[in-house]
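Structure first, then comments.
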Amino acid sequence: MKDLSNQTCPVCESPHLEIFFEMLEMPVYCNLLWPEQQAARSCPKGDIKLAFCPSCGFITNVAFDPAKLGYSQDYENSLHYSPRFQEYAQSLATGLVERHNLYDKDIIEIGCGKGDFLISLCELGNNRGIGFDPSYVPRSEHSPMENQVQFIQDFYSDRYQDYQADWIACRHTLEHVPNPADLLNPLRQAIGDRVSTGIFFEVPNALDTFRNLAVWDIIYEHCCYFASTSLTQAFTSCGFEVSNMKEEFGGQFLCIEAIPVNENVNRTHEQRDQVEALSRDIAAFTTKFNAKVETWKQKLVQISQTGQKVVVWGAGSKGVTFLNILKLQDLIEYAVDLNPRKQGMYVAGTGQKIVPPEFMRDYQPDVVIVVNPLYEQEIRHLLAGWDLNPEFICV
Ligand SMILES: [Zn+2]
């Protein structure tokens, strides 16, 4: 029998959400920095109970409690330090500026994080920008652009409806909002009759997580998981029409472009077929997840028996989730991260010390666990430069 939650789907208002997966006592913040190992290990934890909407395909954590989270300046989720990610963000910005003719325009970015993407958009097209993010920290390298780009250290909300723009971007933010309409409706209202305003959102791709088993992307901070069908539904039900939908970054992200409209957009046959296909992935997910975790446990037992030194490369969401799902407190001592703001800190939940890549020259690991396969080449290259040739395993 299916486990039904008593919540209605916030996206399509279908009365039943089916709970299909549970992961209890996970760190509520993967990206909060912990300067003490003990504090990291006893960090606040929360339950993940994922429910699927069989009507629109939306996936949400029904055990999510927003009161457990508050994003501050200690929140560090910038991926900007990886060359592979920088290259992606730069080519994304260039493509958007060219395709949408973003020259000498006003741009808003909602959830701009450390502001790097907004700065790029404004530099590339000589645009003016306003970025909203409570975790934004003023940075000296942004000062050459201070006449063009303004940052507001707050969540975007209806308080800011007077800020108008020709184009609005929002990356990796919607999945943190329990009800997508709470962000999309005020946005649509702010746009009003300026229907030429372009919208661009980027979110993690639920198909990658639930079909391709990129399971380390399931984190407490993400209360929503979108596939193209549910993302489309979320936008159309708030007065937008989807003009473009694309998988990016090796299929890990989903990019949507939309325009404001005044009439309702109906669900298509194609969307219904996509929900059907996704519901089959969801039905098989828990079994596949357990098998994947079991395989990893056996692999790690083998490694520990040979006494090899293992590090995890990447102390972002994926690395933190991998360590916590496998409860790796003792076997792995260090997690490597390129982001200098993370180095010297400790991993939430399992307490690994986060070290810079250079630390590997002395430590000489036998095995490197790479949490994002897209970064494997840059890591191999870096270590080979120090005559290190450990075994690489991608999670
Ligand atoms: Zn729904």
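Before moving on, here are some points about what is shown:
- Of all residues in the range 10-27, those satisfying the criterion of being within 13 Å of the ligand (Cβ to nearest atom) and either within 15 Å of GLU221 (Cβ to Cβ) or touching a helix residue (DSSP H, G or I) at 6+ places or on another chain (Cβ under 9 Å) (or both) are PRO10, VAL11, CYS12, GLU18.
- Here LEU187 clears all of (1) at positive phi; (2) crowded, with 22+ Cβ neighbours inside 10 Å except the condition numbered (1).
- One residue from LYS299, LYS288 being more than 27 Å from the chain's Cα centre (by Cα) and in a helix (DSSP H, G or I): LYS299
- Selected residue (criterion: farthest from the ligand (Cβ to nearest atom)) from residues of the range 51-67 that are in contact (Cβ under 8 Å) with a residue 60 or more places away in the chain and assigned to a strand (DSSP E or B): ASN61
- Test result for ASP133, charged (D, E, K, R) and buried (at least 22 other Cβ atoms within 10 Å of the Cβ): yes
- Filtered by the rule that a residue be among the acidic types (Asp, Glu) and either modelled with pLDDT under 95 or assigned to a loop (DSSP other than H, G, I, E, B) (or both), the range 250-268 gives a lone residue, GLU263.
- Any hit, the range 191-203, residues being surrounded by 18 or more Cβ atoms within 10 Å (Cβ to Cβ), among the basic types (Lys, Arg) and in contact with a strand residue (DSSP E or B) (Cβ under 9 Å, 6 or more places away or on another chain): no
- Test set (1) of a type outside the set (A, V, I, L, M, F, W, C); (2) within 16 Å of the ligand (Cβ to nearest atom); (3) in contact with a Leu (Cβ under 8 Å, 6 or more places away or on another chain) - TYR156 fails condition number: (2)
- Test: residue in the range 28-50 that is within 16 Å of the ligand (Cβ to nearest atom), surrounded by 20 or more Cβ atoms within 10 Å (Cβ to Cβ) and touching a residue at least 40 places away in the same chain (Cβ under 8 Å): yes
The values are calculated or read from the model by the stated rules, or taken from the named source; none is laboratory data. This structure is a prediction, so every number in the text was calculated from the model and none was measured. Positions of Cβ are backbone-derived with ideal geometry, glycine not excepted, and every protein chain shown enters the neighbour counts.
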